Structures are given as structure tokens and as C-alpha cells.
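Some notes on the structure that comes next.
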Ligand code: F6R
């Protein structure tokens, strides 16, 4: 049952610490990352010279986040592509290409066809999936399961953050096999991942405050979301959640693109959600975002800022401030996504919509 919550999605949002811990469990053994022993060897991983991530919707956003970590850790080029686009162009694939197919359901038609196309071109395919024995893992060379548990709400929440963790395991396994990270560095990165369930638990302390904010935002016509670096895909995901649940026009932008068009949308009272990087971890990006916020605030936007605890520089520019715990930059999406999930759900509920079953959507999209 909904565990005393108004809607399943809220329960599933609150299950994220446990889902993350379950996804990570068992993947670090005797000082090494272990992915899928049976089907993908260290040699297979060493041979990889390019990575493609293919997925749809929210799973695609988890892939966009992974690109930052995998390229940084492995020095391998990573392309992230919508499965529905990947399969209809002629991507450059061979036996040294690793294709990571991310799908919560494991049944998404476009992602499945992308897997078939990649295998037809001799690429190796690793599936990241939340559903045991689904079609996509069955047709892949290897599988890494997220153990988020069944997700009842149509909108992906705990499976999204679990996908991010699983993607990071893939990145660390590649770095370990290629030697681009020393064993002690891999161990340290894994330890940071293992600290995330507790950090996400802390981020959940924003739930009541964000629900109250959502109730006040429920009659907005549109909401914009801005971010930089890993905060950019978080902004895209925040916008997708709002569209699908609250049927509200929402767009996510890379904050650096503001002046290239989107700033023309800013008008008095328009809510703009900004995902801030850490003032310490990413000082340069932080300063740029503060300047972006001051510009949109000067044009009358209502700024809703998701920032690291104790970030005082951004405070004067935040009409609403939501503080999340300080974590390493690459792991920030795991905490900053939490308030955006809650915001979308609560706006939808206030508008009278069924949060768990948004109109026109299905949990598993088996037609193209
Ligand atoms: C959004 C959402 C969808 C799915 C997409 C892919 O909340 O749930 O965008 O992420 O349909 O689904 P899977 O992961 O099952 O392939």
C-alpha cells in the first residue's frame, strides 16, 4: 500500500536511500568493482574504445548524467543518445564499442530495438534494468540490475536515482579495467557512492518545505529549469517530471544557453528553478550561475534555488531556497533530484491530478 502517503510516488521518493543501497550492494568485493562476472570479463572492458548510452525519457537523463562521470574517470568518449534516434541513424559501432542500454522496465520498444541494432553491428551490450528477466537484459551480453524494487508510480523516481548509481558502477569498472584509476581511487569513489543513501535521506528532510512550495506554485502557467554541468540533466529531468505529472509547460536549459534564446521567455512572476553546483567544489560554475540568477531575477523571474547547505552567496538571489546536503560534484544529482521530484508531484496533486497515473502515459512503452 501507499504506506500512509497520499500517493505511491511520494512513498517511492522516500524509498530512494534504500533503493540506492540495494543497487550498490555486492558490487565491491576484495577491493574491486564487480559488475557481472559471468558475462563481461575484464578483458572485454579493457578492449572498449567508445561508449554509447541509449535510453528513453528519464532513463536517458540518467545516461546524460553518467557521461560526466564515465568520461572523467575513464577518458573514453561517451555518447548518450535517445534510443529512438540511435536506431534510425547509422551509428559507428564495432566490437570494441560498449553500448549501455538503460531501461527500468526492460521492455521499452525503442531501447530494445537499439540493443538489437547494436548487437547486429557486433557491439557489446550491457543492460541496466530494474526488472528481472525482462526482454532487454535477455537480449544483451551482460546485465547490471538496479535493485530499486517495483515502482508503481508511472513517473520514474527511485529507478532514476538507482540508474545513476548503476551507471557509475559501470564507469568505475571501466576505469578499473583500463587502469585510468588506481585501485585506491576506485575504492574511494565507491565509498563516496556508499555514503549516498545517507545523503539522500538528509535531502528528504526538504519534503515538507517543497510540498508547501509546490502548493503555492500550482497555478503557474510554465516553469523553467536551469543547471550547468551535471545540474543540466537534473534540470531536464525536473522539467520532464513537471510536464508528465502536472501537465504544465516546463523546459530545462543549460544555464549557459540563456543568452542564446531562452532569456527571452523570462517575464515577471515566471518561476525559474535553478540547480546550483557546490560553491566549493565548482567555484567557477557556481559564480556563473549566480550571475545567471541575478540576470533573470532582475527581469522579474521568481527564483527557486536548489543549493548546497550553507551556500550563502546564492541566498540574496533566491526567492525560495531549498538546501540539500554537500556531496561530491558528480553525486549531486542524487540529492538535487529529490526536491524536483517532490515539487512536480505536489504541484500535480494540488491541481487535482492523479500523481501515480498521469494521463496518456503507460509505465512500460512497448510500442514505438
Ligand atoms: C518518466 C518515465 C519515462 C521512462 C521511459 C523509459 O518518468 O518514467 O520517461 O523513463 O519511458 O522507460 P524504461 O526505463 O522502462 O525504458
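For (1) surrounded by 17 or more Cβ atoms within 10 Å (Cβ to Cβ); (2) closer than 30 Å to residue 270 by Cα; (3) over 21 Å from the mean Cα position of the chain (by Cα); (4) free of Cβ contacts under 8 Å to residues at least 24 places away in the same chain, each residue gets a yes or a no:
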{"site": "182", "(1), (2), (3), (4)": "no, no, yes, yes"}
{"site": "185", "(1), (2), (3), (4)": "no, no, yes, yes"}
{"site": "190", "(1), (2), (3), (4)": "yes, no, no, no"}
{"site": "194", "(1), (2), (3), (4)": "no, no, no, no"}
{"site": "198", "(1), (2), (3), (4)": "no, no, no, no"}
{"site": "205", "(1), (2), (3), (4)": "no, yes, no, yes"}
{"site": "210", "(1), (2), (3), (4)": "yes, yes, no, no"}
{"site": "215", "(1), (2), (3), (4)": "no, yes, yes, no"}
Original post:
Is it the case that the stretch 110-118 has a residue that's more than 15 Å from the ligand (Cβ to nearest atom) and within 20 Å of the chain's Cα centre (by Cα)?
Top reply: no
Subject >> Members of the stretch 146-173 found to be away from the ligand (no atom under 13 Å from the Cβ) and either buried (at least 24 other Cβ atoms within 10 Å of the Cβ) or over 25 Å from residue 242 (Cα atoms) (or both), listed by number >> reply: 147, 165, 168, 169, 170, 171, 172, 173
Original post:
Conditions: (1) surrounded by 24 or more Cβ atoms within 10 Å (Cβ to Cβ); (2) at pLDDT below 95. Residue 338 meets all but one. Number of the miss?
Top reply: (2)
Subject >> Answer residue from the stretch 332-356, given it is over 24 Å from residue 164 (Cα atoms) and part of a loop (DSSP other than H, G, I, E, B) and is farthest from the ligand (Cβ to nearest atom) among those >> reply: 352
**OP:** Report yes if residue 71 is more than 16 Å from the ligand (Cβ to nearest atom), closer than 20 Å to residue 185 by Cα and in contact with a strand residue (DSSP E or B) (Cβ under 8 Å, 6 or more places away or on another chain), otherwise no.
**Re:** yes
Original post:
Does the stretch 87-103 contain at least one residue that is part of a loop (DSSP other than H, G, I, E, B), more than 18 Å from the chain's Cα centre (by Cα), within 18 Å of residue 62 (Cα to Cα) and more than 10 Å from the ligand (Cβ to nearest atom)?
Top reply: no
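Away from the ligand (no atom under 13 Å from the Cβ) and part of a loop (DSSP other than H, G, I, E, B), is that true of residue 44? Reasoning before the result, please.
Values: away from the ligand (no atom under 13 Å from the Cβ): yes; part of a loop (DSSP other than H, G, I, E, B): no.
Considered against the rule, which asks whether it is away from the ligand (no atom under 13 Å from the Cβ) and part of a loop (DSSP other than H, G, I, E, B), residue 44 comes out as no.
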**OP:** May I ask you to list pairs of residues, at least six apart or on different chains, whose Cβ atoms are under 7 Å apart, with the first in the stretch 108-125 being more than 23 Å from residue 156 (Cβ to Cβ) and in contact (Cβ under 8 Å) with a residue 40 or more places away in the chain and the second being away from the ligand (no atom under 11 Å from the Cβ) and in a helix (DSSP H, G or I)?
**Re:** 124/44
Original post:
Looking only at helices (runs of 4 or more DSSP H) that fall completely inside the stretch 176-284, which ones have 3 or more residues that are under 30 Å from residue 359 (Cα atoms) and within 16 Å of the ligand (Cβ to nearest atom)?
Top reply: 231-246
Original post:
Has the stretch 316-329 got any residue that is outside any strand (DSSP E or B), out of contact with any helix residue (DSSP H, G or I) (no Cβ under 9 Å at 6 or more places or on another chain), surrounded by fewer than 15 Cβ atoms within 10 Å (Cβ to Cβ) and free of Cβ contacts under 8 Å to residues at least 12 places away in the same chain?
Top reply: no
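The values are calculated or read from the model by the stated rules, or taken from the named source; none is laboratory data. Here the structure is a predicted model, which is why all the values come from computation and not from measurement. Positions of Cβ are backbone-derived with ideal geometry, glycine not excepted, and every protein chain shown enters the neighbour counts.
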